[in-house]
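Encoded as structure tokens, the structure appears first; notes follow it.
The values are calculated or read from the model by the stated rules, or taken from the named source; none is laboratory data. Just so we're clear, the structure is a prediction, and the values are computed from it rather than from any experiment. Glycine also receives a Cβ, built like all others from the backbone with ideal geometry; neighbour counts cover every protein chain displayed. Note: accessible area is taken over every heavy atom of the protein model, side chains too, but ligands, DNA and RNA are not part of it. Shrake-Rupley method; radii C 1.70, N 1.55, O 1.52, S 1.80 Å.
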Amino acid sequence: MALSEQYLTTDDLHPIDIVETLAEHHAWEFDRVTDDQIAMAVEGQWRTYSITLAWSPQDETLRLISTFEMEPPEARLPALYETLNRVNDSCWAGAFAYWHDQRLMVWRYGLVLAGGQIANHDQVDRLIGTAVGTSERFYPAFQLVTWGGRRPEDALEVAIAEAYGRA
């Protein structure tokens, strides 16, 4: 039976149960913090991402927060914030923020499931994949701006350029 097929027979499926099954399937390290929250570590090419998903029954939203450590020099913060604005202009699902006090780059997204909708395996897998993929895509630009002294528009050319064909 496919991973997504096992959910078809369940009437009262909790969104975090789906996330937990997905984490087990991918062999991601995770911790079921509460009934409504799970935290996990997902390995990317550039970083290991700390991903937390939390279900809010009050507003029927599955919230994802993906973080990675980033400690830019204070003098480069204005360039980092400009880069974040430019990056967020090109992101349609989710947005980045920099939490200065925690020294964390954050990707946030909320999947609204109003009216009793149920998230399915494919949606949750895409949600996590988008968080990691977007972080991987823009990580080099953030590094170039903060540590390489590059201008935001120059650094973003690296992230926006996509390779086509084969080498």
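For segment 48-62, which positions are farther than 16 Å from GLN102 by Cα and surrounded by fewer than 18 Cβ atoms within 10 Å (Cβ to Cβ)? Spell out how you get there, then give the answer.
Of all residues in segment 48-62, those farther than 16 Å from GLN102 by Cα come to 48, 53-62.
Listed by number, the residues that qualify are THR48, SER56, PRO57, GLN58, ASP59, GLU60, THR61.
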- [ ] Find all pairs meeting these conditions: Cβ atoms under 9 angstrom apart; at least six residues apart or on different chains; first residue within segment 26-42 and in contact (Cβ under 8 Å) with a residue 40 or more places away in the chain; second residue not in a strand (DSSP E or B).
- [x] VAL42/ALA23; VAL42/HIS26; VAL42/TRP28; VAL42/ILE128; VAL42/ALA131; VAL42/VAL132
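Just for segment 63-73: of the residues that are free of Cβ contacts under 8 Å to residues at least 60 places away in the same chain and not hydroxyl-bearing (Ser, Thr, Tyr), which one is surrounded by the most Cβ atoms within 10 Å (Cβ to Cβ)? Step through it out loud before you land on a result.
Initially, segment 63-73 is screened for residues free of Cβ contacts under 8 Å to residues at least 60 places away in the same chain, giving 63, 65, 67, 69, 71.
Applying the additional criterion that residues be not hydroxyl-bearing (Ser, Thr, Tyr) yields 63, 65, 69, 71.
On the way: ARG63: 17, ILE65: 19, GLU69: 11, GLU71: 9.
Per the criteria, the residue is ILE65.
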TODO: Identify, by number, the condition in (1) outside any helix (DSSP H, G or I); (2) open to solvent by 80 Å² or more (accessible area, probe 1.4 Å); (3) at pLDDT 95 or above that ALA163 doesn't meet.
DONE: (3)
Open item on the list: Can you go through ALA141, ALA119 and tell me which one is crowded, with 17+ Cβ neighbours inside 10 Å and under 17 Å from ARG76 (Cβ atoms)?
Closed with: ALA141
- [ ] Considering (1) closer than 14 Å to PHE138 by Cα; (2) assigned to a helix (DSSP H, G or I); (3) not β-branched (Val, Ile, Thr), say which one ASP17 fails and leave the rest.
- [x] (1)
- [ ] Search segment 103-131 for residues that are in contact (Cβ under 8 Å) with a residue 12 or more places away in the chain and over 15 Å from VAL19 (Cα atoms) and pair each with any residue that is of a type outside the set (Ser, Thr, Tyr) and in a helix (DSSP H, G or I) when their beta-carbon atoms are under 6 Å apart and the residues are at least 6 apart or on different chains.
- [x] TRP107/ALA131
TODO: Only residues that are open to solvent by less than 80 Å² (accessible area, probe 1.4 Å), part of a helix (DSSP H, G or I) and under 24 Å from ALA155 (Cβ atoms): list them for segment 74-116, please.
DONE: ARG76, LEU77, ALA79, LEU80, GLU82, THR83, LEU84, VAL87, ASN88
